[in-house]
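The values are calculated or read from the model by the stated rules, or taken from the named source; none is laboratory data. None of the values given here were measured: they were computed from a predicted structure. Positions of Cβ are generated from backbone atoms using ideal geometry, with glycine treated the same way; all protein chains shown enter the neighbour counts.
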Amino acid sequence: MRHIQRRSLVDTVVDELKREISQGRWGVGDRIPSEAELTAGLGVSRPSVREAVRSLVQLGLLETRQGDGTYVVATDPTQVALRRAIHLADSREVISVRRALDALAAREAATHRGDEDLETLAGHLSARREAVAAGDTPAFAEADVAFHLGVARASGNRLLSDIYASFDASLRESISDASCLAQGRDPDRADMHEALYRAIDAGNPEAAQSAALGVLEQQEQLLDEQP
């Protein structure tokens, strides 16, 4: 027989937080409760919660965003490995893979979206426009990524949504590199994001797919224009 090892309080908190994620209470892209809320809900000290959250950040399941909270970015280690592979991949390789995912997400979203999905997407587009007008690159990146993740979620396909969420860090990097934002200009010169929203709203899968691919074509053009 083996000796039973005593588990630390932090390990217990880590397991509880993992359970919340694995059971779907906190999905990819969701912000988890604040440190104070977790402390009260779990009945443990703040240092224990802080250390447990830090462990899950290091594991790649959570991501802390300065001034905005901590978000679920993956639900299992396999997804973390995929995220790291995407981070190391060439930008054009990422766009090639996204063509398949974006086209599928757009078509499915046009078919399955609900009123709440449309309201959420409209809100992200509004935040995106405001960020362009203000020349706020970080806010623009957050709104743009949130919009694309919203399209994937509107598809009603949780697996697709989780896979697509693995691209969020890559998306932020590519968006933040768009220098035209500094001049208050939207890198989406043809308003394909707006066209994508309208197609999803109208329930038109073909138009939604065309708009989604148009967004990626513009991103490739931006890569070509970079020195």
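For this structure, a couple of remarks:
- With respect to (1) more than 17 Å from the chain's Cα centre (by Cα); (2) closer than 28 Å to Gln58 by Cα; (3) among the polar types (S, T, N, Q), the lone exception for Thr111 is condition (2).
- Test: residue in the range 100-113 that is surrounded by fewer than 16 Cβ atoms within 10 Å (Cβ to Cβ), assigned by TED's automatic domain parsing to the domain that holds Gly214 and of a type in the set (D, E, K, R): no
- Leu118 being in a helix (DSSP H, G or I) and modelled with pLDDT of 95 or more: yes
- Contacts under 7 angstrom Cβ, first residue in the range 195-212 being crowded, with 16+ Cβ neighbours inside 10 Å, partner of a type in the set (Ser, Thr, Tyr), 6 or more apart: Pro205/Thr111
- Residues that are among the aromatic types (Phe, Trp, Tyr), surrounded by 16 or more Cβ atoms within 10 Å (Cβ to Cβ) and part of a loop (DSSP other than H, G, I, E, B) do not occur anywhere in the range 69-77.
- Residue match in the range 27-48 (condition: part of a helix (DSSP H, G or I), modelled with pLDDT under 90 and not aliphatic (A, V, I, L, M)): no
- Residue in the range 181-199 that is more than 14 Å from the chain's Cα centre (by Cα), modelled with pLDDT under 80 and hydrophobic (A, V, I, L, M, F, W, C) present: yes
- Test: residue in the range 164-176 that is crowded, with 22+ Cβ neighbours inside 10 Å, at pLDDT 80 or above and touching a helix residue (DSSP H, G or I) at 6+ places or on another chain (Cβ under 7 Å): yes
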